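First comes the structure, then the notes that go with it.
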Amino acid sequence: MDSFSYRNGELYAEGVRVRDIADSAGTPCYVYSRFTIEDHYDRLVDAFKEIDPLVCYSVKSSGNLGVLRVLAERGAGMDVVSGGELYRAKIAGVPLSKCVYAGVGKTDTEIRYAISEGLGATNGLGLFNCESEEEFENLAAIARDMRATIRVALRINPDVDPKTHRYTSTGKKETKFGVDLERARRFFATYGHDAYAKLEGLHLHIGSPIYTVDPYREAMTKTATLVDELASDGFSIRSIDLGGGFGADYESSQSPLLKEYAAAIMPLAKPLYDRGIRFILEPGRTIVANAGILLLKVLYTKTSGEKRFVICDAGMNAMLRPSHYGSFQFIWPVAPGVDMTPARRTLDPQLPGTVVQDVVGPLCESGDFLALDRMLPASIKRGDLIALFTAGAYGMSMASRYNSSPLPAEILVSGNHAQIVRARETFATLVEHELKPTALHLAGSAATGSIE
Ligand code: LLP
């Protein structure tokens, strides 16, 4: 599952003792395992090898350049949803000819930037994943203006229930994503012959995380039907991007294996692949979630009424998922001792000496928690280190500076070595963009916004 394991009652990241990382880098910090990232990527490629997909790692799940470089070296393309993510992919050494660009709100500046960097160019594999009629018209107008020809896939909304949190369910008709199947045929009829924006693919992403394989089967069935309908309208589809959404093990063995997802998708995808259609996948979580932990220090413990609180040096500022989605993240001390080493990551590891506790952060909100009513060792005390597991996806990438909390450091472990891949922010870097107010030259007036 991943390379974070207890040995003699102490947590290790690959060959490195996690306590040593905390002593050297401080807390809070994210710790990633290079081996786990590579292993998950390789397993995915292997599971889907029959359709030889272009794997475009979803940068939004963890955009650290250290993580992106590991995947770039493996040959991954990237799924980006903003100019900022595109910039990250480029800096990490990913050819933009292997990037796909989705998102319902691409700005003109971002589109121009992406085209100028070669995204969607006809000699590459990348695509603009277009989400609406207005966006297509804008893409085509900008491409024409730049005298560029770009390749475009239509993001379809197959109206499939992925049975996941409503905030991350994206393939139902009532969500803002893509174009519904009825409009998809009309879309091709209207825009399918544009000279600058070549509409040639279909894209879908139905939600995240998806813990059953049926939603993929249903979405793929609808997509295959649409491919045939479009063929009868005279449009031949060259690529299908199935998006991401494969699960991760927040609890031990919670997620289907990648080959189980593949087994559901393959019978529908393979005949299309054999007809010359290229497949793209956009996994994020399934690659990096289990490849990262968040390392925290216990600042204080206290009891209020019946409740025991473990107060850590970061909370929802560093890891938003529990408070935002009510999601489960396994939490356990870094050095619990042999007797208190959990056999499984689960709500209650069934060990003696545990009591119900809330794990909270330092922020001034009751919503600032990492775990509520969790069975944890009663022995947890001030100064202890604790690890929040399966934190590699949507952890640091959703972190904020709320309460002027400097962003955590990020560490990449490989074997017996550790590298700081993002330095901890300092108080000085927190305010660096505010130190020197500058005159704002207001459009259409001689006035300036500065106070002289
Ligand atoms: N492709 C598109 C177009 C997406 O919007 C996403 C995720 C992915 C691929 C990657 O999905 P993955 O393989 O990572 O499941 N913040 C939430 C998850 C939001 C997912 C947004 N889109 C969370 O913490 O659970």
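The values are calculated or read from the model by the stated rules, or taken from the named source; none is laboratory data. This is a predicted model, so every value here is computed, not measured. Counting neighbours? That spans all protein chains shown, and the Cβs are built from the backbone with ideal geometry, glycine included. All accessible areas refer to the heavy atoms of the entire protein, side chains included, with ligands and DNA or RNA removed. Shrake-Rupley method; radii C 1.70, N 1.55, O 1.52, S 1.80 Å.
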Exercise for the section: Hand me the list of strands (runs of 3 or more DSSP E) wholly inside the range 344-452 holding 1 or more residues that are free of Cβ contacts under 8 Å to residues at least 40 places away in the same chain. Expected result: 354-360, 369-377
Exercise for the section: Output the number of residues of the range 311-332 satisfying the condition of being within 11 Å of the ligand (Cβ to nearest atom), open to solvent by less than 30 Å² (accessible area, probe 1.4 Å) and not in a loop (DSSP other than H, G, I, E, B). Expected result: 2
Handout entry: Per-region count, the range 203-242, residues away from the ligand (no atom under 16 Å from the Cβ) and either closer than 27 Å to D2 by Cα or out of contact with any helix residue (DSSP H, G or I) (no Cβ under 8 Å at 6 or more places or on another chain) (or both)
Key = 8
Fill in the blank from the handout: Filter the range 294-310 for residues that are of a type in the set (A, V, I, L, M, F, W, C) and farther than 21 Å from R424 by Cβ; the one that is nearest to the ligand (Cβ to nearest atom) is V310
Problem - Total residues in the range 80-129, condition assigned to a strand (DSSP E or B) and open to solvent by less than 20 Å² (accessible area, probe 1.4 Å) - result: 7
Exercise for the section: Could you check, for the range 181-202, whether at least one of its residues is over 19 Å from the mean Cα position of the chain (by Cα), of a type in the set (K, R) and within 16 Å of the ligand (Cβ to nearest atom)? Expected result: no
Practice task
Please work out which residue is most open to solvent (accessible area, probe 1.4 Å), limiting yourself to the range 243-264 and to residues that are part of a helix (DSSP H, G or I) and either more than 14 Å from the ligand (Cβ to nearest atom) or touching a Gly at 6+ places or on another chain (Cβ under 7 Å) (or both).
Solution key: K259
